[in-house]
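Q: Mind looking over this structure? Questions follow.
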Amino acid sequence: MESRQEGERSMWREGAAAPSIEALKEKILRRELTFPGVFEHIMRMLLHHPDIVAFGTAKSVAASCDVSNSTFLRLVRYCGYENFPEMRVAFRCYMRRIAKRSTG
């Protein structure tokens, strides 16, 4: 398993399933998950504009957040995802659930 630098460890236990966006938001609200430095800026952007993750590439998301690709990918792992495609699936599912709620 790839090691993470101090301060960039995932807030999720090892071996756990990838978190849903709702689970991430709940941990943020409870202050169980905090984002150091530029990670907070990136997460604010992603949560306000979930479509950039759901329909983008790692490179396009990093560019939208005005950060390097490697910084964005560190955030992906920090959030508990193995890789960007896993995070993208979570954002797509989140957007589907939002769409279902709004259409009844």
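Here, each number is a calculation from the coordinates, and none is a lab measurement. Everything numeric in this text was worked out from a predicted model, so none of it was measured. Glycine gets a Cβ as well: all are built from the backbone with ideal geometry, and neighbour counts include every protein chain shown.
Q: Taking the highest mean first, how do the peptides 17-23, 27-33 order by number of other beta carbon atoms within 10 angstrom per residue?
A: 17-23, 27-33
Q: Taking amide hydrogens as modeled 1.01 Å from N in the peptide plane, which residues meet the under 5 Å criterion relative to residue 33, leaving out close sequence neighbours?
A: Placed amide hydrogens put 28 under 5 Å from residue 33.
Q: While we're here: In whole Hz, with x marking every Gly and Pro, tabulate ³J(HN,Hα) for segment 63-73 from phi via Karplus 6.51 cos²θ - 1.76 cosθ + 1.60, θ = phi - 60°.
A: 5, 4, 8, 6, 10, 6, 4, 5, 5, 4, 5
Q: Which of the lysines could a cross-linker bridge to residue 59, judged by Cα under 26 Å and excluding same-chain residues fewer than eight apart?
A: Cross-link targets: 25.
Q: Let me ask something else. Mean shadow of segment 21-103, computed from the convex hull of its alpha carbons, in nm²? Display every interim value, and only then the final one.
A: Working: hull surface 20.6 nm².
Here the figure is 5.1 nm², rounded to one decimal.
Q: Rounded to the nearest 20 debye, what is the charge dipole size of segment 21-103 about its Cα centre when +1 sits on each Lys and Arg Cβ and -1 on each Asp and Glu Cβ?
A: 260 debye
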